[in-house]
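Have a look at the structure below, then the notes.
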Amino acid sequence: MTSQGKDEYRRFRATDILRKFSNQIVYCGEIAHMVGGVAPAVFLSMLLRWDGHGARDDGFIWKTREEISKETGLTRCEQETARKELRSRGILLERKIGLPARNHYRLNLLALDALFVKTLAPEKNKEWEDALSPYYTDNEGNMIKPIIS
């Protein structure tokens, strides 16, 4: 590389540009296989990044379709597919809240943990089944341990 080429490289590096993006989403191919594809994995990663940062006390966050698209690059159709896949696995909880009603999202972290164990550590499945057996899911997908007197 010539001296001029090195100077150009120092002035403009793709890695410097990537570092400037603060809203990075981590994507893992292994997770894509577990949750039904690339779009659900990207959507899940976005929600994991936002988990605990929502303004609501119940853990639900609100993001517009446009905000999600800007953060993830997912189209409307890809978002809908991702949401459907994540709901079918019990990982994503959705509610319509407010007037006008808007979609709010929350992760069911117990279901996500169980899916990870089931997929990545099948030898632990019995332990997870035993640990989760006293729980049930309410109408909103919340894991609840009944009070036994």
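Below are the figures for this structure:
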quantity: Test: residue in the range 18-32 that is buried (at least 16 other Cβ atoms within 10 Å of the Cβ), modelled with pLDDT of 85 or more, within 16 Å of the chain's Cα centre (by Cα) and in a loop (DSSP other than H, G, I, E, B); calculated: no
quantity: Contacts under 9 angstrom Cβ, first residue in the range 47-72 being polar (S, T, N, Q), partner assigned to a strand (DSSP E or B), 6 or more apart; calculated: Thr64/Arg102; Thr64/Asn103
quantity: Candidate set: the range 33-49, residues that are among the small types (Gly, Ala, Ser) and under 11 Å from the mean Cα position of the chain (by Cα); chosen: the one surrounded by the fewest Cβ atoms within 10 Å (Cβ to Cβ); calculated: Ser45
quantity: Helices (runs of 4 or more DSSP H) lying entirely in the range 75-149 (those with 3 or more residues that are in contact with a helix residue (DSSP H, G or I) (Cβ under 9 Å, 6 or more places away or on another chain) and modelled with pLDDT under 85); calculated: 109-120, 125-132
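The values are calculated or read from the model by the stated rules, or taken from the named source; none is laboratory data. All figures in this text were calculated on a predicted structure; none of them were measured in a lab. Cβ sites come from the backbone with ideal geometry, for glycine too, and all protein chains shown count toward neighbours.
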